[in-house]
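**Q** What follows is a single structure, and I will ask about it in a moment.
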Amino acid sequence: MKNKISAWIPCMAAILFLLASCSTTKRIPEGEMLYTGLKKIEIQPETGQKVPEAVGSELTKAVSVPPNNAIFGSPSLRWPFPVGLWVWNNWDDPGKGLKHWLYDRLATEPVLVSDVRPEARVKMLDEILDNNGYFRGGASFELVKGKNPKKAKVIYNVATGPAYTLSDIEMLPDTCVLNHLIDSIASRDSYLRTGSRYSVDSLAVSRTRIANTLRNRGYYYFRPDFIEYLAASIQEPMKIALRMMLASNIPSDMVKRYKTGKVTMYLFRNQGGGEPDTIQTSRGTLIQMQPSRFRRALMPECVTMRTGRYFAVRQMNSTQTRLSRLGIFNAINIEVMPDTTATEPTLNVEIGCTFDTPLEFSVEINASSKSNSYIGPGAEIGITNRNLFGGGEQLGVTLTGNYEWQTGKGASSLFNSYEVGVTTTLSFPRMLAPGFIKRRNRNLNWTRFSLNADLLNRPHYFKMAQFNFSFSYDWQSSRYSSHTLTPFKLTYTKLMKTTADFDSIISQNPAIALSFMSQYIPQLSYTYTYDRNYGPDNTFNWTFTAQEAGNLFWSVYELCGSKGEKKLFGTPFSQFIKGTTQVVYGRRLWGDNWLVSRVALGAAWAYGNSSQVPYSEQFYVGGANSIRAWTVRELGPGSYRAPADQRNGYFDQTGTFKFELNTEYRFPIVGPLHGAIFIDAGNVWLLKKDPKRPGAELKWKGFLNDIALGTGFGLRYDISYLVIRADLGIGLHTPYPNPDKKGYYNISSFKDGLGFHLAIGYPF
C-alpha cells in the first residue's frame, strides 16, 4: 500500500503541472476578455464632506461581482488554481462517458467583462448617487489589463459632488382626520427635518413608518405607496424643497378607519374532525372541536384585540406571538375581513389554531477529541409533554450523559470518567404569583419548577453527586427584552467518594478542599436578555445574569444570634455573589457571508459563611462552544499548569473570573454545507490568591500573556431546524510556560495543539 501511494505522488504532481500550464483564455472569443475581479472602487467625496457608510456600502455592493474561482464569493480575491477554467478551455466535451462526467462536474464557464457589464454598473452608480442626494456626482470605469490582454480587472471611479439637503418640507393640508394623523406622525419623524440629506431610501423608510403607525390606528388597508413625495430644486444652491401628497385614485375602502368587530376563535384537533363546542367569552366566540383537553380561558387570554376599538395590526401580531409562545399549536392562522352588515367600517377577525402532537422527543449528540488521546462523547435525550393538564402546561424530562476515556499507550483503563444527570421541569404558561401582582401581568408568562440530579465520576480522583430544586419566572417586557427571575434555588453537593491521590492533593491545598466540601447552595438569580436584528445585516444579543447565594439564610441566622459557621440541616451553606455577561454581534459582509463575534465575562466572590466559591459554581473554558483548541477544563486558572500526574483531573482547572473572546467567519460552500474560520481566546483566573497554584491569580500585569489563543476551521451542515457542526481547533498560545517551546507560539508540537469537536448547533 505504501508503494502504491508513493507511485501516485509523482502522477498527481504531473497532472497539476500540466493543468497549471494550461491556458484560461484559450477559448475566449475574439473581442472578449476574462473578468478577473474588482480591482477597487475609488469614492471621492466633495471637499470637507464625508460619504455616509451606508451610501459607500451601497455603491460597493452594486459593483461587487465575483470572478471565477472567487474566495468565498469575494469580488476581488481568487483561489490560485482555476481548475474549472482550465478544464473549460482545454478539454473537449465528448457528450458521454467518464470524460463527459468529469467535464460536467469540473468545467466552469468563464465570467467575461461583457457579462459584468461595467457600463450598466456605472449607470447604477449614477442612480445610487442621485437617490442619495448627490445630483452633481458621476461615475466611470476603466479596465486594467495584465500580461495577458484577454484578462482584465475593473476599477470604478465615483465622484460624489456636494450633497443636496432638504430646505422646505410641505405637509398635507389639515382637512380631514387622516391628513391630520399623517402630518402628526411625519412631524415626529427623525428624517423629515430641514437640513437632512436628500435620500430616496430615507423617504421610503419614513413613508413605511407612517403607514405602519396608521395601520395601528385603524387604517388597516393603508399602504406606504399611498404617500408620494414631490421634490424640486430651488434657487438656493444644493437645496431641495419637498412636498408630501396622497396618491390619486386610492380606493375609498383603503383609507377608511376600521374598528374591530366580531372575534371568532377556532380550536382544531391535530387528527382533524370532531364535534364543535361553542362558548361565548369576553374576548369573542370560542369554537372548540371535541373531544379535546384544553382550558377554555387560555386561548381568549392570548387575544389582545377588543371589539369596538380601532383595529391595530400591532394587537393582531401580539395575539399571534402569544399563541405561538404556548408551544402547543402546529398551525396558527389569523384572517381579517370587512363586515358588510355593519353601519360603520368594521373588521371581523377569525383565529384558527390546530393542536400539535402532545409529545416531543429530542436527541442531541456531541463529541470532542484532543491530541493528548482523550476523547469525550456526550448525549442529551429529552421528552416533553406540551399540554399536560390541558392548559398548555409542559412537562419535560431530560437525560444527559458525558463520557471521557483515554486511548493509546499508557491508558490505565478504557473507561475513565463520566457524568450523568436527569432533569425534570414542569412549566405553566402563567405566573403563579401572589394576588398583589395584577392578573394581566400574570397571564401568558411562564412559571417553571425544576428538579435535577447529577453524578460526576472521575475514577482516579472523586465521585460527586449534586441535587437541586428551583422555581423561576420567565416573561417578556418588550419585543426585544426578556427576563428570568429565580426567587429560589437550592442545590446540595455531596462528595461521595475520593481516592488516596485526591485526598493527598486537597490536603496540601485547602482552597480546593473547601470548594469541594459537601454543602447547600441556596440561590436567587436574575437574567436579562436583549435580542434584536438591526435590519437584515446586523444581529445583536446581550445576556446578563446576576446571582447571590446564602444571604437570606445568613441574615436570619444573624438575627437569631448565631455566630461563626452557619449550617442548614447540619451541613454548611455557601455564600457568594456571581455575575456573568455575554455579547454576541453578527455582521453580514456580503451574500451569506457573516462575521460573528462574542465576548463573555464572569466573576464570582465568596464571603461570609464561605471562603471559597463552590466547585460547581466556578468557571471553566475549553470545549466545543468555547476555546476549541482545548477540551473542557483543560486551561487555567491563569498561567498555572497542573503537575503531569494530575492533568485532566478537572478539579483544579476552574476559576472565579472568566474572559472569552471568539470571532468566526461563516461562509457558504455548497447547498446546506457551510464553512467557518475562527479565532478563540480566553482563560479563567482566581480572584483570591492560592499559594498552591502559582500564577492562577488575576493580575493585570501579564494578563495578555495569560490568555490562551487558538484558531481553526469547521464545517456546518445546516438544514434550517438542525445544524450539525464539526470544528478542528489549532492551538497557538498556551497561558502556561512550556520549557520545550519558547516565544508566543509555545505549543510543543502541532499535533499537541489540535482539538476536534462534533456538536449540534452553532457555538454562539
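The values are calculated or read from the model by the stated rules, or taken from the named source; none is laboratory data. Predicted model only: the values in this text are computed from it and were never measured. Note: ideal-geometry Cβ built from the backbone for every residue, glycine included; neighbour counts use all protein chains shown.
**Q** Step by step: first the residues of the range 729-764, then only those that are free of Cβ contacts under 8 Å to residues at least 60 places away in the same chain and assigned to a strand (DSSP E or B), then the one that is nearest to Gly623 (Cα to Cα). Which residue is that?
**A** So, considering only residues that are free of Cβ contacts under 8 Å to residues at least 60 places away in the same chain and assigned to a strand (DSSP E or B), the one nearest to Gly623 (Cα to Cα) is His733.
**Q** Sticking with this one: Kindly indicate whether Met254 is in contact with a helix residue (DSSP H, G or I) (Cβ under 8 Å, 6 or more places away or on another chain), loosely packed, with under 14 Cβ neighbours inside 10 Å and on the phi < 0 side of the Ramachandran plot.
**A** Considered against the rule, which asks whether it is in contact with a helix residue (DSSP H, G or I) (Cβ under 8 Å, 6 or more places away or on another chain), loosely packed, with under 14 Cβ neighbours inside 10 Å and on the phi < 0 side of the Ramachandran plot, Met254 comes out as yes.
**Q** Name the residues in the range 90-111 that are outside any helix (DSSP H, G or I) and over 12 Å from Val154 (Cβ atoms), would you?
**A** Those that are outside any helix (DSSP H, G or I) and over 12 Å from Val154 (Cβ atoms): Trp91, Asp92, Asp93, Pro94, Gly95, Lys96, Ala107, Thr108, Glu109, Pro110.
**Q** Going by what's in this entry, would Ala159 be described as over 30 Å from Thr47 (Cα atoms) and in a strand (DSSP E or B)?
**A** It is false that Ala159 is over 30 Å from Thr47 (Cα atoms) and in a strand (DSSP E or B).
**Q** Looking at the range 129-156, which of its residues are assigned to a helix (DSSP H, G or I) and surrounded by fewer than 20 Cβ atoms within 10 Å (Cβ to Cβ)?
**A** Correct list: Asp130, Asn131.
**Q** Let me ask you something else. Out of the residues in the range 391-429 that are charged (D, E, K, R) and crowded, with 16+ Cβ neighbours inside 10 Å, which is modelled with the lowest pLDDT?
**A** For the range 391-429, the residue satisfying everything is Glu404.
**Q** Considering each of Ser504, Ser515 in turn, give the residue that is surrounded by 14 or more Cβ atoms within 10 Å (Cβ to Cβ) and either within 21 Å of Asp690 (Cα to Cα) or at pLDDT 90 or above (or both).
**A** Just a single option satisfies the conditions, and that option is Ser515.
**Q** Quickly run through the range 29-46 and pick out the residues that are closer than 19 Å to Lys147 by Cβ, surrounded by 12 or more Cβ atoms within 10 Å (Cβ to Cβ) and of a type in the set (Asp, Glu).
**A** The answer is Glu32, and nothing else.
**Q** Yes or no: the range 471-482 includes at least one residue that is over 30 Å from Arg314 (Cα atoms) and in the same structural domain as Arg532 (by TED's automatic domain parsing).
**A** yes
**Q** How many of the residues making up the range 691-717 are part of a loop (DSSP other than H, G, I, E, B) and out of contact with any strand residue (DSSP E or B) (no Cβ under 9 Å at 6 or more places or on another chain)?
**A** Count: 7.
**Q** I'm trying to understand the selection: among the residues of the range 519-534, which are assigned to a strand (DSSP E or B) and aromatic (Phe, Trp, Tyr)?
**A** The answer is Tyr520, Tyr526, Tyr528, Tyr530.
**Q** Please give the number of the condition Pro300 fails out of (1) in contact with a Ser or Thr (Cβ under 9 Å, 6 or more places away or on another chain); (2) assigned to a loop (DSSP other than H, G, I, E, B); (3) under 28 Å from Phe389 (Cα atoms).
**A** It fails just one condition, (2).
**Q** Could you grab the pairs with beta carbons closer than 7 Å, sequence gap of 6+ or different chains, first residue in the range 274-285 and under 16 Å from Leu298 (Cβ atoms), second one among the aliphatic types (A, V, I, L, M) and assigned to a strand (DSSP E or B)?
**A** If the second residue must be among the aliphatic types (A, V, I, L, M) and assigned to a strand (DSSP E or B), the pairs left are Ile279/Leu286; Arg283/Val263; Gly284/Val263; Gly284/Met265; Thr285/Met265.
**Q** Hey, another quick one. Would you check which residues across the range 162-187 are outside any strand (DSSP E or B) and surrounded by fewer than 18 Cβ atoms within 10 Å (Cβ to Cβ) and list them?
**A** Hits for the range 162-187 are Pro162, Met171, Pro173, Asp174, Thr175, Cys176, Val177, Asn179, His180, Asp183, Ser184, Ser187.
**Q** Also, I was wondering about something else. Check whether at least one residue in the range 307-320 is in a strand (DSSP E or B) and surrounded by fewer than 19 Cβ atoms within 10 Å (Cβ to Cβ), and report yes or no.
**A** Checked against the condition, which is being in a strand (DSSP E or B) and surrounded by fewer than 19 Cβ atoms within 10 Å (Cβ to Cβ), the range 307-320 yields at least one hit.
**Q** What pairs come up if the first residue lies in the range 253-267 and is part of a strand (DSSP E or B), the second is of a type in the set (D, E, K, R) and surrounded by fewer than 21 Cβ atoms within 10 Å (Cβ to Cβ), and their beta carbons are under 6 Å apart, counting only those six or more places apart or on different chains?
**A** Hits for this filter: Thr260/Arg309; Gly261/Asp339; Thr264/Glu350.
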